[in-house]
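See structure below.
The values are calculated or read from the model by the stated rules, or taken from the named source; none is laboratory data. Please read all numbers here as calculations on a predicted model, not as lab measurements. Cβ placement follows ideal geometry from the backbone for every residue including glycine, while neighbour counts extend to all protein chains displayed. To get the accessible areas, we keep the full protein, side chains included, count just its heavy atoms, and leave off ligands, DNA and RNA. Shrake-Rupley method; radii C 1.70, N 1.55, O 1.52, S 1.80 Å.
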Protein chains: 2
Amino acid sequence: MLEKVDLTKKLSKEDYKGKMEHLEVRLGQLQRRCKELGIPVLIVFEGFGAAGKGLQIGYLIQSMDPRGFQVFPIKNETEEERMHPFMWRFWTKTPARGRISIFDGSWYRRVLIDRFEKRTKEKEIPDAFHSINSFEEQLADDGNVIIKLFLDIDQKEQRKRFDKLAKNKETAWRVTQGDIERNARYGEYADMMEDMLFKTDTDYAPWTIIESMDRRFATVKIYTTVIKAMADQIEKVEKQKAEERAAEEAEKESESLEASIVAREADREMKELQVSILSKADLSLKYTREEYKEKLKKLQKKIEKLHGELYRRRIPVVLGFEGWDAGGKGGAIKRLTQKMDPRGYVVNPTASPNDIEKAHHYLWRFWKAMPKDGHVAIFDRTWYGRVMVERIEGFCTKEEWQRAYKEINDMEKDLYDAGAIVIKFWMHIDKDEQERRFKERQENPEKQWKITDEDWRNREKWDRYEDSANEMLLRTSTDYAPWVVVEGNDKYYARVKVLSTVVKAIEARLQEK
Amino acid sequence: MLEKVDLTKKLSKEDYKGKMEHLEVRLGQLQRRCKELGIPVLIVFEGFGAAGKGLQIGYLIQSMDPRGFQVFPIKNETEEERMHPFMWRFWTKTPARGRISIFDGSWYRRVLIDRFEKRTKEKEIPDAFHSINSFEEQLADDGNVIIKLFLDIDQKEQRKRFDKLAKNKETAWRVTQGDIERNARYGEYADMMEDMLFKTDTDYAPWTIIESMDRRFATVKIYTTVIKAMADQIEKVEKQKAEERAAEEAEKESESLEASIVAREADREMKELQVSILSKADLSLKYTREEYKEKLKKLQKKIEKLHGELYRRRIPVVLGFEGWDAGGKGGAIKRLTQKMDPRGYVVNPTASPNDIEKAHHYLWRFWKAMPKDGHVAIFDRTWYGRVMVERIEGFCTKEEWQRAYKEINDMEKDLYDAGAIVIKFWMHIDKDEQERRFKERQENPEKQWKITDEDWRNREKWDRYEDSANEMLLRTSTDYAPWVVVEGNDKYYARVKVLSTVVKAIEARLQEK
């Protein structure tokens, strides 16, 4: 791609002024419209050093409402960032609906500067590209506009700019040894750029090359690119809304389609035939109180020790808890953490998303809560809500929950690749046991807060939850992030199984290293 | 995924009969409806040896109209197949709109049996998965239903079935040494299966595990899976059509949207700023008649020799010609092939697609024409029609031509990975030169057939063709399949450049090996 670029393009001062006046007005209008429609926008600035990224960002934001955007300079990782999976700091910076995030440098550094300086190993490169494409595809699927600008200058121009900066005492610090090195090996670095452009120039997040030898030309092309991408998305969203409205009207009149009946029918039939992972669980498994006490004590002691070891070895742990209401999640988590150092773990209870969370991708709030190296993050209900409650209650579309299996597998792979131990527990009880526990809660004044009308309503959808759970367990149990079904009719047995699973997983990992 | 499968499922004879009666009727109905709606269907049977793939295909096709499907057994490559890129034999077998292709074994063998027996090298595995996913995504995007069935049995059952086959004289030949080997190393093979399932279980082409210990259960689950996938797609297509109709109605009344105006405006602006690769071509380059004759003679002699060498070394060559009408494609191809052995090359003229071609993915007809190892395929007009004439004339949607850049890059990468030399030529002339040549053709009775009214009409769209060409050249010129812009105002110069480019590329490749 780069070899075909014509870097000689220029714009006269007059042409520039004439064009910019119009473009600046347009950008302001489009920003407001994106806000109204709730369209999130990401703008990525990448390219050669001294190509003018900072300068151009300055020009771009001049016509934007400052309440609607944020600029993120992406430099070397901070201590905090280094202790998280690589994509963590970008997930946490994705824009809410209607807002704009501008990245000065980005997630591409891992396959550019970090690759060039061998901080990213060559064998990690395929995973890194997979991770980048998956991130962008997920955001695009969620309605984000992704604008990727590649600022291009040639080797000679770059050298000239570095020299100029170096001569001036006030700017000399901006030219690093790495800059000089990359200029000297410009061709080699350009090959890496080329590789990156080809692997990540997708229809959902295309690259635009900005010829940046001439500052004015570059500014106009950046403005135009941003305007075009925003206008395209606005048009698309407006068209979609119009189509949906029109289709709703039309549906009222039309007879129901035969195909939809057959599809429903086949759905029901499929459910009967579906792999029932849950039905294989042996719910008669149990421990006596004595067995329980003895095992619990032993395991908690082990966990305490292992927790320290994890911290020293900087291994992060992610534990997800799902399962039936009253399945014993709380009790298990309590026993698991009882002897752990509270500075080393966090329990994240997952309720319905709040307004800020709703304005982001559904995985955003979980990414934010992912543990630092050496820490343990426990989730009481998880990102699996997407393929359970959101699926069943119609809080997301069929397309959305169907692609979620892959999105979740990809996220957990990212965590694993960053060194984390990832385990998901399904706390399993049968319907009778749930009824017994619900009634017990209702009758016990101290437990009444734990039971709501919604719990009884969800219970009525038991079969649909079971079907969804079976599909989820099948599609998302992986080597790197397995599901563990916990036979939970007996609380003693369940708690011990959770603890012993965690202990075994940590021990196995410690032996590996 | 596999470890979670419950293989104990069974169905009684009575249940089976009851269910099948209904399912068979349904399948027939859906096949007819798919035909009416022009929905193509691919059904893939994979799984463990002796799991009953052949048997189950027999049951499945019993309720299908035999005029509407074809079964393709995929065994070891034939001589012919081995001499083509791996995906070639599957592309050529993709169903036309409304038809069903059933694969007994498939493109997955490359990451299963071929991987297990080390015919696929481990370092080729990432490319193989990319290639598979890209193939399936392209077909799904084009409206194909892709149903992937994985027939699962356990090691013991497999052993039992092999033993039974081996004991009977008439079936003993069906059990190969490879079968015995894979049974002995069942766990290892299952791990490869697992890896494959995870890397290719996508929302556009999901896998369904068929528990195949019990024949009846498997048949019912296969029928149900196929029925569900077909009904879902029918529903989707019907809904889309209804939405489009409704939106058309609605559009008639609605005012035009502001965003669409801004988008058009930005489009125009972008075009001005776009990298113009073509404008850099120096069209004054030329040779005298003497220079031309001398060079041509020398180059043709070289080509003749190199062509033989290519054949001996089994290297395939793909040469694509695009460019302006009257740009000199025909003349260049003529000089290129003049001294080549006609048994070793084919020139494929690309006209508008015929009815059969229209009923397939747009890349299908080009895949069919890809050369065997050691052969040269020359395309006079190419698959780039998608992002040129089809884009400009509105023969495909914006989404379709936008994703075509990636599809084309992926296809050319497949060709390159299979060892091919791939070069694309853009025969470039300016507008004045074209007018001169058009007039010359009109005035010369022997050349009149070469010029039509359509040529003059296309000429009026010169600017739009130029913009599209520039974008195409930028997005699809790769290391492995470069674009070469041929300065063509002087025919002598153009022909020599084409020949010398081909010579250089072949020489470079021969030195590599």
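Exactly one of these conditions fails for residue A:298: (1) without any contact (Cβ under 8 Å) to a residue 12 or more places away in the chain; (2) closer than 26 Å to residue A:469 by Cβ. Give me its number.
Looking at each condition in turn, residue A:298 falls short on (2).
Here's a check for you: in segment B:368-419, which residue that is in a loop (DSSP other than H, G, I, E, B) and within 14 Å of another protein chain (Cβ to nearest Cβ) is least open to solvent (accessible area, probe 1.4 Å)?
Checked segment B:368-419; the qualifying residue least open to solvent (accessible area, probe 1.4 Å) is B:396.
Just one of the numbered conditions (1) more than 14 Å from chain B (Cβ to nearest Cβ); (2) open to solvent by less than 80 Å² (accessible area, probe 1.4 Å); (3) closer than 30 Å to residue A:480 by Cβ is not true of residue A:304; which one?
The failed condition is (2).
Which condition number does residue B:475 fail, the rest of (1) within 19 Å of residue B:409 (Cα to Cα); (2) free of Cβ contacts under 8 Å to residues at least 12 places away in the same chain; (3) basic (Lys, Arg) being met?
Against the list (1) within 19 Å of residue B:409 (Cα to Cα); (2) free of Cβ contacts under 8 Å to residues at least 12 places away in the same chain; (3) basic (Lys, Arg), residue B:475 comes up short only on (2).
Any residue at all in segment B:130-149 that is crowded, with 19+ Cβ neighbours inside 10 Å, farther than 30 Å from residue B:396 by Cα and touching a helix residue (DSSP H, G or I) at 6+ places or on another chain (Cβ under 9 Å)?
Among the residues of segment B:130-149, at least one is crowded, with 19+ Cβ neighbours inside 10 Å, farther than 30 Å from residue B:396 by Cα and touching a helix residue (DSSP H, G or I) at 6+ places or on another chain (Cβ under 9 Å), which makes the answer yes.
Only one of B:241, B:228, B:252, B:221 is at pLDDT 80 or above and farther than 30 Å from residue B:153 by Cα. Can you tell me which?
Details: B:228 fails: farther than 30 Å from residue B:153 by Cα; B:252 fails: at pLDDT 80 or above; B:221 fails: farther than 30 Å from residue B:153 by Cα.
Result: B:241 is the single residue among B:241, B:228, B:252, B:221 that is at pLDDT 80 or above and farther than 30 Å from residue B:153 by Cα.
Only residues that are within 14 Å of another protein chain (Cβ to nearest Cβ), more than 22 Å from the chain's Cα centre (by Cα) and either more than 26 Å from residue B:423 (Cβ to Cβ) or exposed (fewer than 13 other Cβ atoms within 10 Å of the Cβ) (or both): list them for segment B:438-483, please.
Listed by number, the list is empty, since nothing qualifies.
Which of (1) touching a residue at least 12 places away in the same chain (Cβ under 8 Å); (2) within 30 Å of residue A:186 (Cα to Cα) is the odd one out, the single condition residue A:32 does not satisfy?
In the conditions (1) touching a residue at least 12 places away in the same chain (Cβ under 8 Å); (2) within 30 Å of residue A:186 (Cα to Cα), residue A:32 misses (2) alone.
Considering each residue of segment B:277-290, count those that are away from every other protein chain (no Cβ under 13 Å) and buried (at least 19 other Cβ atoms within 10 Å of the Cβ), and give that number.
1
Filter segment B:257-276 for residues that are at the interface with chain A (Cβ under 7 Å from one of its Cβ atoms) and charged (D, E, K, R); which is farthest from residue A:240 (Cα to Cα)?
Once the filter is applied, the top-ranked residue is B:269.
Please work out which one of (1) without any contact (Cβ under 8 Å) to a residue 40 or more places away in the chain; (2) open to solvent by less than 40 Å² (accessible area, probe 1.4 Å); (3) within 22 Å of residue A:480 (Cβ to Cβ); (4) not hydrophobic (A, V, I, L, M, F, W, C) is the condition residue A:345 fails and give its number.
Unmet for residue A:345, out of (1) without any contact (Cβ under 8 Å) to a residue 40 or more places away in the chain; (2) open to solvent by less than 40 Å² (accessible area, probe 1.4 Å); (3) within 22 Å of residue A:480 (Cβ to Cβ); (4) not hydrophobic (A, V, I, L, M, F, W, C): (2).
In segment A:420-450, which residue that is touching a residue at least 24 places away in the same chain (Cβ under 8 Å) and part of a loop (DSSP other than H, G, I, E, B) is farthest from residue A:499 (Cα to Cα)?
Selected residue: A:430.
Of all residues in segment B:261-279 being without any contact (Cβ under 8 Å) to a residue 12 or more places away in the chain and among the basic types (Lys, Arg), which is nearest to residue B:332 (Cα to Cα)? It would help to see each step written out before you state the result.
As a first pass, look at segment B:261-279 and keep what is without any contact (Cβ under 8 Å) to a residue 12 or more places away in the chain: B:261-270, B:272-273, B:279.
Filter once more, so that each one left must be among the basic types (Lys, Arg): B:264, B:268.
Details: B:264: 38, B:268: 34 Å.
Only one residue tops the list, namely B:268.
Being of a type in the set (Asp, Glu) and out of contact with any helix residue (DSSP H, G or I) (no Cβ under 8 Å at 6 or more places or on another chain) is the filter; apply it to segment B:484-513 and report the residue that is surrounded by the fewest Cβ atoms within 10 Å (Cβ to Cβ).
Ranking the qualifying residues of segment B:484-513, first place goes to B:512.
Among the helices (runs of 4 or more DSSP H) lying completely within segment A:166-253, list those that include at least 1 residues that are open to solvent by 20 Å² or more (accessible area, probe 1.4 Å) and facing chain B (nearest Cβ under 9 Å). Working first, answer last.
Values: elements: A:177-184, A:186-200, A:215-253.
In segment A:166-253, A:186-200, A:215-253 are the helices (runs of 4 or more DSSP H) which contain 1 or more residues that are open to solvent by 20 Å² or more (accessible area, probe 1.4 Å) and facing chain B (nearest Cβ under 9 Å).
Inside segment A:275-308, can you point out the residues that are among the polar types (S, T, N, Q) and in a helix (DSSP H, G or I)?
A:279, A:300
All but one of (1) closer than 30 Å to residue B:133 by Cα; (2) touching an Asp or Glu at 6+ places or on another chain (Cβ under 6 Å) hold for residue A:129, so report the exception by its number.
Every listed condition holds for residue A:129 apart from (2).
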